[in-house]
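Undergrad: The following block contains the structure, expressed as structure tokens.
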Amino acid sequence: MLKITCPYCGPRDEIEFRCGGEAHITRPKEPGRLSDDAWADYVFMRSNPKGNHAERWLHVNGCRRWFNAIRDTVTHEFKAIYRVGDSPPADLIGPTRGTK
Amino acid sequence: MIGDQAYRLPAGGLIDRDRVLSFTFNGHGYAGFAGDTLASALLANGVHLVGRSLKYHRPRGIVAAGVEEPNALMQLGEGGRAEPNPLATMIELYDDLVARSVNVWPSVDNDLMSWLAPISRLFSAGFYYKTFMGPPPAWQSIYEPAIRKAAGFGKAPENPDADVYDHTFAHCDVLVVGAGPAGLMAALAAARTGARVILMDERDRPGGSLLASDEGIDGGPADRWIDEASAALQACAEARVVMRTTAFGYYDSNFIAALERRSDHFGGGKTVRHRLWQVRARHVVLATGAHERPLVFDGNDRPGIMLAGAVSTYVRRYAVAPGRRAVVVTNNDSAHGTALALSDAGIDVAAVVDARRNPVGTLADAVASRGIQVLAGHTVIGTSGNKRVTGVSVAELMGDGTAGKPHSLTCDFVAMSGGWSPVVHLFSQSQGRLTYDDQICAFIPGESSQAQSCVGAVVGHFSLGECLRGGAEAGARVARELGFDTSDELATPTTVPQIQGAVEPLWSAPTERGRYDRRAKQFVDFQNDTTAADISLALQEGFESIEHVKRYTLTGFGTDQGKTANINALGLVAEVLGRPIPEVGTTTFRPPYTPVTFGALAGPYVGNLLDPVRETPMHDWHAAHGALFENVGQWRRAWYYPRDGESFQAALDRECLAVRNAVGVFDASTLGKIEIGGPDSVEFLNRIYTNGWSTLKVGRARYGLMCHEDGMVFDDGTTTRIAEYRFFMTTTSGNAAVVLDWLEEWSQTEWPELQVYFTSVTEQWATVTIAGPHARDLLAVLAPDLAVDRESFPFMAMREGRVAGVEARIIRISFSGELSYEIYVPWWSGLVLWENVMEAGARFSIAPYGTEAMHVLRAEKGYAVIGHDTDGTVTPHDLGMSWAVSKKKDFIGRRSLTRSDTARADRKHLVGLVTKDPAIVVPEGAQLVSEMNLVAARRAARGSHPVPMEGYVSSSYHSAALGHSIAFALVKGGFDRIGETLYAVYDGRVVPSEIVSPVFYDAENERRDA
């Protein structure tokens, strides 16, 4: 069981959290203007890297706040944890698909 | 005969000869001493034959003295304390213990299934796959029951578990697994700096390998050092020593799961039986030791053939002679120590048969100097005996892998050693990489992936000095790294240096019948009856990956998970393929290291503690009035209220008709309820719901649908504007938490700029629904101050006022299609309101109705239940609810509704369905086929041939109000197929049914809006 550091509460067991998938996927401002492909890319397509991955996590059985993390998908190591709205550490991860 | 113990040595052993314990094995009475295991007590009574092998039912004896034992599985205890498959080598003896062999019929001495052994050539690798071919039903009806009767291990207990189980959680600086010399030393070195240390060991006392050794420490016996070190450790305030506790799982972030056995050693009862430890450690020290490997010679499985280290343990720790005359066979030094132990105990050693040409070292020299015959460059190539080994065939190993001329040695037991394999299970579970060590011919821990150290035999340190030094060094280093003061160094105890000779690999011995011959019984995995020939055959057949070899031959499966077999199997694969072992690789080690009881995993969370049960404030009333309940998520909901002798259908019809003809009352308290506030709440609702909210006035309610971004409906409900910036949302009963999560997610992650907040109020409001033509009359009686006429209190309006004297919110809303009001009162007033409703409603012949009637009523009215009639692939348009989809604004999922796939004309649509025979209620889930495919469908009803499906039935009931059955179905292109006949196919029946509008009752809404 992973030990995850909630940026609001501190280190807690994994069972208190839920992973919300890839982070930094911003909802398009005007969906109506998007092609089917561009919309499908937003709704369905997610990256699946081996290595560092920006993810959303929710401290669901705790403070119920969402936050972002960089997790190594090979070792499960949390390389960075940061709040929603903050940019991911540039040295850990390449360009993301949005800023949120 | 009780009290015999003919093979008990006259002196020595860590047993209490003053405490005689009696026990029965296979119905015979025996005696042992306190401190015995069941295995040592059986051996003390001369019992080697303890079971029969899985496939061939060959006689099998005790091989090991610990968790690696492959054969001595027991059926232990009776009734509520029956346990299948514990190991005789791990069962501590207690008075009146009752054990039996597993997989024997009728008895271990006379097993009728042993006719299988002579024809065992037929049972080659992959035997099941190759033999039991045929129609799939034959597996269930013939093959599997027969195989299960012939094979298999112990019997699952039939009685409820008589014991209680517990979970505990712990945090520490250093967790040390294994209390042998290395682990004990590491724990002591760390604990004396003040670090919080937990030391765990699976046995009843610390010491590990020292308990079977005669080596001295600090010039005295090892026992004394163990006692002193344990006492010193106990004296450290922050140290904990937990014995009889097996660390079985090593997970991420140094999270270790362990099983503590608290009452098994005295037969159970009096206290918690097993305790599941969940430990989070800053650093883990693995001192897990090593397991000895058997040698793979023909007939190596006869009772009496044991691992050499186990023989030492039985002789030294338990003062048991495994027999009168031994042959020791080895390819390494350690078995020479066994020869010395036997010689010390006065047991005759016929010979030490050592595969090495020139065994040298402290132990080998000592053996030679005692005049014990050493046959260097020889090995055992065959054995004799049936239920007990009676002799071995010994031959010289020739350079070309063949054997020289054999000669016989008489013996009544054999001590064998094929080398030692470090117990890398936990290390490997922790995602550490294994490295093959040529020196010891086994895998050792390589690079760690967690904060961890390995010490002692697990890293290939087989000498006592190395173990003590390694433990002391690691304990101090870890404490220092964790910030503890290690300036006061712990002196490493002194030992007598030993010169060790190297092990020489001997993965399989030659046989008199040639290499890997099927007639030779060279067992690699005793528990699964896998032989060298099986592995060779698997490789011939192309199963070259070690993972495939494992699955095809079953090597490494079973309750022992191949603890004695895996490395030998790898060595054999490498030998046959001519590849180096590291290239062959290892199979994956997975938790648990040893079997864990289900009771321990469940812990105290059984019965009523399994999951919280949620009840409404009216629950006791429902129960007192005969309601039957159904589970909806964690909720217990009143299902229906049968009166004396009423059938399900009769009660249901009565409840439905009460609503249609008079008035019914329904407990809707389980509805999910969320209060939404903040100046941007309207904007937020506009984005979340498919329909618009800007025009909703205070005091009015609106129905809304929610979609995911893929355009699929996932919840619905009504939301009422109770003030300018306050909304009261209801969700489906099972989905309240999911919807709250959904709202919070969008608010926090996507639209943090919107000022909106959410509060779950599900259990703040009890909800009583009254529905039926007399609902208004009833409300007028209950709320005399409230204007309830049609104009003053219209459909979808909310009023606040006193109902039966309780402050309430009343929303005129209908899920039944009748004139209906939902009355919300504070949770604790729910029962009072309910009772007043029942009392005031008596004059209108009120009847309570349950969830089943609620379902029928809503179906008559054409209302879908999200999650019942939808499955996550249904859009609002598919439900025929385009009226609830705004064209003016964006909302979650809107763009998806115009994707090519969601705009397809042949999507499944929700339609009504009526059977031609009004009495038939088609089961929900029944598939529908068209006229065109009817012939195929009739055939399909008898077999399993695929037929194109037009859709399926999602809801189906008998409607008392209409006098016939009604159903909803999701049908391809259904909106354009009204009037068409489809055929429901189920249970071999074909039922013609017509597609109709899903609104069966009061399509004009005259009753609802009355």
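Undergrad: Considering B:Ser421, B:Ser453, B:Ser417, which residue is touching a Lys or Arg at 6+ places or on another chain (Cβ under 9 Å), in contact (Cβ under 8 Å) with a residue 12 or more places away in the chain, surrounded by 16 or more Cβ atoms within 10 Å (Cβ to Cβ) and over 30 Å from B:Val50 (Cβ atoms)?
TA: Just a single option satisfies the conditions, and that option is B:Ser453.
Undergrad: Exactly one of (1) within 25 Å of B:Gln561 (Cα to Cα); (2) aliphatic (A, V, I, L, M); (3) crowded, with 21+ Cβ neighbours inside 10 Å is unmet by B:Val67. Its number?
TA: (3)
Undergrad: If you don't mind, there's one more thing I want to ask. Could you check how many residues of the range B:885-901 are more than 10 Å from chain A (Cβ to nearest Cβ), assigned to a loop (DSSP other than H, G, I, E, B) and under 23 Å from B:Arg977 (Cβ atoms)?
TA: 1
Undergrad: When only residues in the range B:333-383 that are in a helix (DSSP H, G or I) and among the acidic types (Asp, Glu) count, which is nearest to B:Arg513 (Cα to Cα)?
TA: Residue satisfying both the conditions and the ranking: B:Asp365.
Undergrad: Could you go through the range A:3-16 and let me know if any residue there is hydroxyl-bearing (Ser, Thr, Tyr), farther than 25 Å from A:His76 by Cα and out of contact with any His (no Cβ under 9 Å at 6 or more places or on another chain).
TA: No, the range A:3-16 contains no residue that is hydroxyl-bearing (Ser, Thr, Tyr), farther than 25 Å from A:His76 by Cα and out of contact with any His (no Cβ under 9 Å at 6 or more places or on another chain).
Undergrad: While we're looking at this one, here's another question. Please go through the range A:32-64 and give me each residue that is within 9 Å of chain B (Cβ to nearest Cβ) and either out of contact with any Lys or Arg (no Cβ under 9 Å at 6 or more places or on another chain) or basic (Lys, Arg) (or both), ordered by number.
TA: A:Phe44, A:Arg56, A:Arg64
Undergrad: Any idea how many residues of the range B:253-286 are within 11 Å of chain A (Cβ to nearest Cβ), of a type in the set (S, T, N, Q) and either closer than 27 Å to B:Ala162 by Cα or not in a loop (DSSP other than H, G, I, E, B) (or both)?
TA: Here the count works out to 1.
Undergrad: May I ask you to list the residues in the range B:733-760 that are within 11 Å of chain A (Cβ to nearest Cβ) and assigned to a loop (DSSP other than H, G, I, E, B)?
TA: B:Trp751, B:Pro752, B:Glu753
Undergrad: Further question on the same structure: Please work out if B:Thr767 is among the polar types (S, T, N, Q), more than 11 Å from chain A (Cβ to nearest Cβ), over 27 Å from A:His59 (Cβ atoms) and not in a helix (DSSP H, G or I).
TA: yes
Residue-wise test of (1) at pLDDT below 95; (2) over 23 Å from A:Lys3 (Cα atoms); (3) under 34 Å from the mean Cα position of the chain (by Cα); (4) surrounded by fewer than 23 Cβ atoms within 10 Å (Cβ to Cβ).
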residue: B:Ala237; (1), (2), (3), (4): yes, yes, no, yes
residue: B:Trp277; (1), (2), (3), (4): no, no, yes, no
residue: B:Arg293; (1), (2), (3), (4): no, yes, yes, no
residue: B:Asp298; (1), (2), (3), (4): no, yes, no, no
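Undergrad: Taking the range B:560-591 as the search range and keeping residues that are surrounded by fewer than 18 Cβ atoms within 10 Å (Cβ to Cβ) and under 24 Å from the mean Cα position of the chain (by Cα), which one is farthest from B:Thr89 (Cα to Cα)?
TA: B:Thr588
Undergrad: If you don't mind, there's one more thing I want to ask. Scan the range B:63-84 and give yes if some residue there is in contact with a strand residue (DSSP E or B) (Cβ under 6 Å, 6 or more places away or on another chain) and of a type in the set (Val, Ile, Thr), otherwise no.
TA: Yes: the range B:63-84 contains one or more residues that are in contact with a strand residue (DSSP E or B) (Cβ under 6 Å, 6 or more places away or on another chain) and of a type in the set (Val, Ile, Thr).
Undergrad: Are there any pairs with C-beta distances below 6 angstrom linking a residue in the range B:626-647 that is acidic (Asp, Glu) to a residue that is assigned to a strand (DSSP E or B), with the two at least 6 apart or on different chains, and if so which?
TA: So the pair list comes out as B:Glu630/B:Arg637; B:Glu630/B:Trp639.
Undergrad: A further question follows. Answer yes or no as to whether B:Ile440 is of a type in the set (Val, Ile, Thr) and either within 31 Å of the chain's Cα centre (by Cα) or assigned to a strand (DSSP E or B) (or both).
TA: Answer is no for this residue.
Undergrad: Can you tell me which of (1) of a type outside the set (A, V, I, L, M, F, W, C); (2) at pLDDT below 95; (3) not in a helix (DSSP H, G or I) is the one B:Glu583 doesn't meet?
TA: Of (1) of a type outside the set (A, V, I, L, M, F, W, C); (2) at pLDDT below 95; (3) not in a helix (DSSP H, G or I), only one is false for B:Glu583: (3).
Undergrad: May I ask you to list the residues in the range B:535-568 that are of a type in the set (A, V, I, L, M) and either farther than 16 Å from B:Arg518 by Cα or in a loop (DSSP other than H, G, I, E, B) (or both)?
TA: Correct list: B:Ile546, B:Val549, B:Leu554, B:Ala565, B:Ile567.
Undergrad: Can you find, within the range B:1-54, the residue that is modelled with the lowest pLDDT among those that are among the basic types (Lys, Arg) and surrounded by 21 or more Cβ atoms within 10 Å (Cβ to Cβ)?
TA: B:Arg52
Undergrad: Let me ask something else about it. Among (1) closer than 13 Å to B:Phe297 by Cα; (2) in contact with a helix residue (DSSP H, G or I) (Cβ under 7 Å, 6 or more places away or on another chain), which single condition is B:His378 missing?
TA: Every condition holds for B:His378 apart from (2).
Undergrad: Can you say whether A:Phe67 is touching a residue at least 12 places away in the same chain (Cβ under 8 Å) and away from chain B (no Cβ under 11 Å), as far as the supplied structure shows?
TA: Taking the combined requirement at face value, the residue does not satisfy it.
Undergrad: Same structure again: (1) assigned by TED's automatic domain parsing to the domain that holds B:Phe968; (2) more than 24 Å from B:Tyr983 (Cα to Cα): which one isn't true of B:Asp917, the others all being true?
TA: Condition not satisfied by B:Asp917: (2).
Undergrad: Oh, and also: Looking at (1) surrounded by 14 or more Cβ atoms within 10 Å (Cβ to Cβ); (2) modelled with pLDDT of 95 or more; (3) more than 14 Å from chain A (Cβ to nearest Cβ), which is the only condition B:Asp917 fails?
TA: Among (1) surrounded by 14 or more Cβ atoms within 10 Å (Cβ to Cβ); (2) modelled with pLDDT of 95 or more; (3) more than 14 Å from chain A (Cβ to nearest Cβ), the lone unmet condition for B:Asp917 is (1).
Undergrad: Has the range B:537-545 got any residue that is surrounded by fewer than 24 Cβ atoms within 10 Å (Cβ to Cβ), outside the structural domain of B:Thr402 (by TED's automatic domain parsing), on the phi > 0 side of the Ramachandran plot and modelled with pLDDT of 90 or more?
TA: Scanning the range B:537-545 turns up at least one residue that is surrounded by fewer than 24 Cβ atoms within 10 Å (Cβ to Cβ), outside the structural domain of B:Thr402 (by TED's automatic domain parsing), on the phi > 0 side of the Ramachandran plot and modelled with pLDDT of 90 or more.
Undergrad: Let me ask something else about it. Given the options A:Ala69, A:Ala54, A:Ala38, A:Ala23, name the one that is surrounded by fewer than 18 Cβ atoms within 10 Å (Cβ to Cβ), among the hydrophobic types (A, V, I, L, M, F, W, C) and on the phi < 0 side of the Ramachandran plot.
TA: That would be A:Ala38, the only listed residue that is surrounded by fewer than 18 Cβ atoms within 10 Å (Cβ to Cβ), among the hydrophobic types (A, V, I, L, M, F, W, C) and on the phi < 0 side of the Ramachandran plot.
The values are calculated or read from the model by the stated rules, or taken from the named source; none is laboratory data. Everything numeric in this text was worked out from a predicted model, so none of it was measured. Counting neighbours? That spans all protein chains shown, and the Cβs are built from the backbone with ideal geometry, glycine included.
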